[in-house]
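Reviewing the structure listed below.
No lab work stands behind these numbers, since they all come straight from the coordinates. Nothing here was measured: the structure is a model prediction, and the numbers come from that model. Cβ placement follows ideal geometry from the backbone for every residue including glycine, while neighbour counts extend to all protein chains displayed.
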Amino acid sequence: MSFLLKSECELQAIIAQMSLKEKIGQMNQLIVSHENIEEKIMAGDVGSVIIINDEDIERSSQQKKLASQCSEIPLLVSTDVIHGYKTIYPIPLACSSTWNPELVEQVAYHSAQESAADSTDWIFAPMVDISRDLRWGRIAESAGEDTYLNTVFSRAWVEGIQKSGSVAACVKHFAAYGAAEGGRDYNSAQVSERMLREVYLPPFKEAIDAGCKTLMMAFQDLNGIPASIHPLLYKILRQEWGFDGVIISDYNAILELVEHGVAENLKEAAYLAIQAGIDVDMMSNAYSLHLEELVLEGRVDEALINASLMRILQLKQELISEQNKTVSNRDDAKLALQTALESAVLLKNDKNILPLNKQPESIALLGELAADRASLLGTWSFLGEPENTDSIQEAINRKFSGSAVIYNDAQDRAKALDIAKQCEKVVIIIGEQACMSGEAHSRSEPGIPSAQLELLKALKESGNEVIAILLSGRPLILTEAELYCDAILLAWHGGTYAGDAIAEILAGDFNPSGRLTCTFPRSVGQVPLNYNHRNTGRPVLGEGITQFAEAYKSNYIDQTNEALYPFGYGLNYSQVEYKDLKILEPNIKISECLQVEITVENTGSHDCSEIVQLYVRDLVAQTARPVKELKAFKKVDLQAGESRSVQFSLSSEDLGYYNWDNQYQVDAGDFDLWVGPNSKSNLYTQFSLEK
Ligand code: NOJ
């Protein structure tokens with residue numbers, strides 16, 4: 001009997017024939033290399049497996065075959081394809097800096113296809129956890145601090161991953177995992193229901209509306225209840241949003257209910273998890289060891305298991321029946337290069353020191369990261385191939401073949417300074433290695449390593465003009481470092497083709513267009529420093545250190561409230577002027593749309609892509625509203641000297657908020673509206689919503 005194309009009724013009939021043990025087996029997920037896994041598969045004790053490394057790939061295909069010999073229900077192979085599989089793309093935070101969801105959808109599609117060719121059915125992405133804390137290592141996996149932007153990219157990732165129909169996406173981690181206190185991974189999150197609904201949940205809702213087939217619960221406790229079993233989260237998911245896909249725990253998270261101190265032992269943890277609504281137990285063995293017993297004791301109703309099983313079987317059906325529909329015309333290298341190019345953010349470029357004149361006589365290339373291929377690949381790249389990745393040094397050598405490129409790893413500072421002195425240009429690679437961000441890699445002092453800082457300082461003091469290429473998995477504290485740099489190009493961990501992208505940008509063959517999706521604070525003590533904070537009853541009025549003199553205001557006495565680089569910020573080799581901001585009809589009825597128009601003119605001498613950003617502020621509402629909120633953006637190409645009109649349309653639905661009772665409402669009233677190149681731009685106008 002074939003498992004393909006069964007109606008719900010026929011699936012019910014299959015379920016009716018299964019033993020309780022077989023049913024529970026479908027709810028059990030183990031890693032491919034788990035002890036005695038093949039025996040467990042033959043016994044029907046495993047419903048899906050996880051690939052972790054290269055060796056797992058072949059074994060997972062064999063396990064699929066083995067499962068098909070024992071049962072008509074297929075085994076699913078799952079894995080983390082976060083920013084690529086073998087072809088590695090820039091980390092998700094960098095992908096979001098492209099402000100190009102169409103490009104990111106392509107990244108998601110191509111990486112899903114590359115992994116599906118190796119038997120993957122289920123991808124644990126996207127991560128849509130809003131993160132406003134640079135200490136948290138997993139900020140690398142998010143689209144940064146803004147809810148709207150995370151929502152846009154959430155849809156792009158889900159649609160890309162699921163486009164072929166043969167791979168399921170898994171939106172994660174539900175919810176507020178990015179609000180870990182102190183930025184320490186897995187730490188508790190305290191988030192009010194209003195903040196949850198307003199800030200943290202919309203990207204999940206968007207993923208589900210985009211058809212995301214599965215969802216992963218978060219590890220941490222949310223206001224004291226582990227998210228894995230949080231009743232409010234399940235109520236929102238299943239009842240309010242009507243999500244009927246598969247819910248999976250995070251790795252070992254059911255067992256961790258014991259560590260959280262809410263379950264006495266694994267059996268009680270299994271009880272809590274099934275009652276809460278987890279369909280698939282990832283790696284805790286809680287269901288396989290205890291569910292049967294819990295049903296036999298009458299504590300768990302078998303109907304709950306049947307309901308989970310139905311969701312799992314429906315998922316398997318959908319994936320298998322689409323498996324042959326995949327047709328793809330892959331050009332991963334080109335796409336990976338384009339994404340690395342578009343994700344790079346030019347943070348500083350004094351006296352237009354960049355781009356380099358095509359063939360300087362000599363370039364001093366300093367810092368060990370210039371030769372470090374693995375660090376270009378970033379945090380989730382266990383199948384990435386450093387050996388097939390060009391280092392920055394190799395890419396620069398190729399691009400500047402007419403120049404003498406002298407590389408030095410800068411272990412010996414005096415030698416590095418000496419080389420710099422002899423060369424026409426000095427390029428230094430600074431920042432984090434790949435292993436310094438990602439899961440379980442939080443940092444309390446996320447700056448650049450002190451040896452790099454000392455070298456920068458010495459280079460500057462010796463009179464060099466310093467061009468820094470910054471590799472990073474997160475925003476870093478650059479307040480001192482930037483003083484010693486004339487130019488800073490943030491290249492993130494840009495993937496397999498990061499080296500070429502950096503070389504092209506240095507040479508001026510590509511004009512950088514990336515913009516920050518996370519604020520760069522001046523010091524760790526300012527965290528969280530998101531642009532969309534509330535005003536408070538005592539906002540500071542001045543700028544910079546004048547704020548220190550403002551008594552009894554919401555400020556510090558030793559640091560300003562300003563960012564080093566604000567949200568939305570990024571330079572390019574040209575200049576763009578914003579003018580003629582107009583709202584076509586500044587008084588609109590609540591049911592109408594607001595039409596906004598602005599002219600942008602490239603007044604420089606390089607063609608560029610400009611990310612035109614629109615922000616609003618609701619001036620008076622029942623709850624305090626953020627001082628600015630991104631509501632729309634457009635990426636427009638402008639040739640040198642070209643002027644273009646850019647239009648936006650905002651619906652009044654986009655202008656609502658959650659009231660005292662946590663209900664979404666749209667009020668009549670006045671709004672400020674800005675359009676500009678980043679969240680600090682001050683070209684603004686006003687409009688009103690009328691009843
Ligand atoms: C733990 C991580 O939190 C999650 O994001 C990932 O998908 C699983 N491990 C599986 O690798």
Contact order normalised by residue count of the chain, Cα under 8 Å, 6+ apart, percent
13 percent
Show that you can apply the helix-only estimate: for the chain, add -39,500 (n - 2.57) for every DSSP H stretch of four or more residues, divide by all residues, and state [θ] at 222 nm to the nearest 500.
-8500 deg cm²/dmol
Figure the gain on full extension for HIS606 and GLN275 (residue separation times 0.36 nm, minus the Cα-Cα span) and round it to one decimal in nm.
113.1 nm
In terms of modelled amide H atoms, which long-range or inter-chain residues lie less than 5 Å from the amide H of ILE31?
ILE50
Provide the packing ranking of 353-366, 575-588, i.e. peptides ordered by the mean count of other C-beta atoms within 10 Å per residue, highest first.
353-366, 575-588
Whole-Hz couplings from phi, Karplus 6.51/-1.76/1.60, listed for segment 384-401; x for Gly and Pro
x, 10, x, 5, 9, 10, 6, 6, 4, 4, 4, 5, 5, 4, 5, 5, 9, 5
Potential extension, GLN69-ALA668 segment - 0.36 nm per residue separation minus Cα distance
209.3 nm
Distance in nm between ALA458 and ASN357 label points, each 7 Å along Cα→Cβ, equals 2.9 nm
Using only Cα atoms, tell me the angle between helix 498-507 and the longest principal axis of the chain; keep it within 0 to 90° and round to the nearest 10.
20 degrees
As a footprinting exposure proxy, order LYS235, LYS86 by other Cβ within 10 Å, with the fewest listed first.
LYS235, LYS86
Which distance in Å, rounded to a whole number, links the C-alpha centroids of segment 409-440 and segment 75-154?
29 Å
Once Lys and Arg are counted +1 and Asp and Glu -1 for all other residues with Cβ under 11 Å from that of LEU289, the total becomes -3
Derived scalar couplings ³J(HN,Hα) [segment 512-528; Karplus, 6.51 cos²θ - 1.76 cosθ + 1.60; whole Hz; x for Gly, Pro]
x, 9, x, 10, 5, 10, 8, 5, 9, x, 7, 8, 4, x, 7, 5, x
Quick one: length gained pulling ALA551 to ILE590 fully straight, 0.36 nm per residue minus the C-alpha distance?
10.0 nm
Residues whose built amide H sits under 5 Å from the amide H of ILE406, excluding neighbours closer than 5 in sequence, are ILE363, ALA364, LEU365
Among VAL128, VAL152, VAL262, VAL49, which comes first, second and so on when ranked by fewest other beta-carbon atoms within 10 Å?
VAL262, VAL152, VAL49, VAL128
Tell me whether segment 555-610 comes out rounded, prolate or oblate; compute the Cα gyration tensor, take square roots of the eigenvalues as a ≥ b ≥ c, and use a/c under 1.5 as the rounded threshold.
oblate
Please give the helix 413-422 orientation as an angle from the longest Cα principal axis of the chain, in degrees from 0 to 90, rounded to the nearest 10.
50 degrees
Integer Hz, Karplus 6.51/-1.76/1.60 couplings in order for segment 147-162, x for Gly and Pro:
5, 4, 5, 4, 5, 4, 6, 4, 4, 4, 5, 5, 5, x, 4, 8
Going down the table (LYS40/LYS65; LYS425/LYS635; LYS582/LYS634; LYS589/LYS628; LYS582/LYS631), which pairs top 24 Å between alpha carbons?
LYS425/LYS635
Give me the tail of P(r) for segment 344-507 as a percent: Cα-Cα pairs with distance above 22 Å.
37 percent
Distance between modelled label sites at ARG644 and GLU297, nm, 7 Å Cα→Cβ extension:
6.5 nm
Row for segment 489-615, column shape: gyration tensor on C-alpha, a ≥ b ≥ c, rounded if a/c < 1.5 i.e. under 1.5, prolate if a/b over b/c, else oblate; value oblate
Over segment 1-115, what is the relative contact order in whole percent, taking alpha-carbon pairs under 8 Å and six or more residues apart?
19 percent
Any chance you could give the angle, 0 to 90 degrees and rounded to 10, that helix 8-17 forms with the longest Cα principal axis of the chain?
60 degrees
Gyration tensor verdict on segment 374-421 (Cα atoms; rounded if a/c is under 1.5, prolate if a/b is larger than b/c, oblate otherwise):
oblate
Just the projected area, averaged over all directions, of the convex hull on the alpha carbon atoms of the chain: how many nm²?
31.6 nm²
Do any GluC sites (Glu not before Pro) in segment 243-325 lie in a loop, going by DSSP, with at most 14 other beta-carbon atoms within 10 Å of their beta carbon, and if so which?
GLU264, GLU297
If packing is taken as the average count of other Cβ atoms within 10 Å, what order do 546-557, 630-641 fall into, highest mean first?
630-641, 546-557
